[in-house]
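Where a number appears in this text, it was derived from the coordinates with a stated rule and is not lab data. Here the structure is a predicted model, which is why all the values come from computation and not from measurement. Cβ placement follows ideal geometry from the backbone for every residue including glycine, while neighbour counts extend to all protein chains displayed.
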């Protein structure tokens, strides 16, 4: 599992409330990613980070913010949750250096329900 | 990144080889072919990747055609635990700070007893 822990594993919240999901890694990888997965859409990239305090947007970043204040933690925040953000959220880290070795390892996911 | 085309579903008998095709006719010379799979309710799992040579590891083999326009993932002896969605992804390797993988809909492989 490449030392990736996502928390919480499950969360139910109400529309309009803030929500923060945490991704923690133990292997000092530089690159970390947040994806969401929805039926009919597959996995879509929300945000990613290429170092402490270095982040960039993915294809579905609206309504989400991220922070990376230390290497091991990458936080995803929904400032004001909406029902359209009900999804399964996966964190990933990039392992390896160079084109022949690079690959992503994923966490177990967070099931978020916004009512 | 090049677009990939995979069949939406396939069946395989337990113990037999599973051959999952992927078409990537617009692949560029520096783009790698990656395969991941996702077992129900789990995070995607890396399987294998390659550039132009065939590759084999403890999980699977990857056969890339000479023109690189298609590839086949081979699970040599499929088990029930191999039932999953398999994703074929084409990506420029070592993409630096903007390295990311785009997942399509994949192929649902069902291994039957």
* To do: Kindly provide the pair-distance distribution of chain B built from C-alpha pairs, with 10 Å bins from 0 and whole-percent values in order of increasing distance.
  => 15, 49, 30, 6, 0
* Asked: Taking every residue in A:27-34, how many Cβ atoms of other protein chains lie within 10 Å of its Cβ, on average?
  -> 1
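Would you tell me the mean number of C-beta atoms belonging to other protein chains that fall within 10 Å of each C-beta in A:36-45, as a whole number? Mind showing how you got there, number by number?
Details: counts 0, 4, 0, 0, 1, 2, 8, 11, 2, 4.
The per-residue average across the peptide is 3.
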* With label points built 7 Å along Cα→Cβ from the Cα atoms of residue A:27 and residue A:53, find their separation and express it in nm. => 2.8 nm
* Points 7 angstrom from Cα along the Cβ direction at residue B:16 and residue A:101: gap in nanometres? -> 4.0 nm
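Counting other beta carbons within 10 Å of each Cβ, put A:22, A:9 in order, fewest first. Display every interim value, and only then the final one.
On the way: A:22 14, A:9 11.
Ascending number of Cβ neighbours within 10 Å: A:9, A:22.
Could you work out, residue by residue across A:89-97, how many beta carbons of other chains sit within 10 Å of that residue's beta carbon, and then give the average as an integer?
Working: counts 0, 4, 1, 5, 0, 4, 1, 2, 1.
Counting Cβ atoms of other protein chains within 10 Å of each residue's Cβ and averaging gives 2.
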* To do: Treat the count of other C-beta atoms within 10 Å as a stand-in for reagent exposure and order B:88, B:12 from fewest to most.
  => B:12, B:88
* To do: Go ahead and run the numbers for FRET between residue A:38 and residue A:82, Cβ-Cβ distance against an R0 of 22 Å, rounding to 0.05.
  => 0.95
* Order of A:77, A:26 under a 10 Å beta carbon neighbour criterion, fewest first -> A:26, A:77
* Can you tell me the Rg and the Dmax, both Å, for the Cα atoms in the protein assembly as shown? -> 17.8, 54
* Report the convex hull volume per residue for chain A, counting only C-alpha atoms, in Å³. => 98 Å³
* To do: Indicate, rounded to the nearest 5 percent, the antiparallel portion of the DSSP beta bridges found entirely in the protein assembly as shown.
  => 90 percent
* **Mean Cα-pair separation over length for chain B, i.e. relative contact order, pairs under 8 Å, 6 or more apart, %** => 36 percent
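Of the DSSP beta bridges with both residues in the range B:23-113, give the percent that are antiparallel, rounding to the nearest 5.
On the way: 23 of 23 bridges.
Antiparallel bridges: around 100 percent, rounded to the nearest 5.
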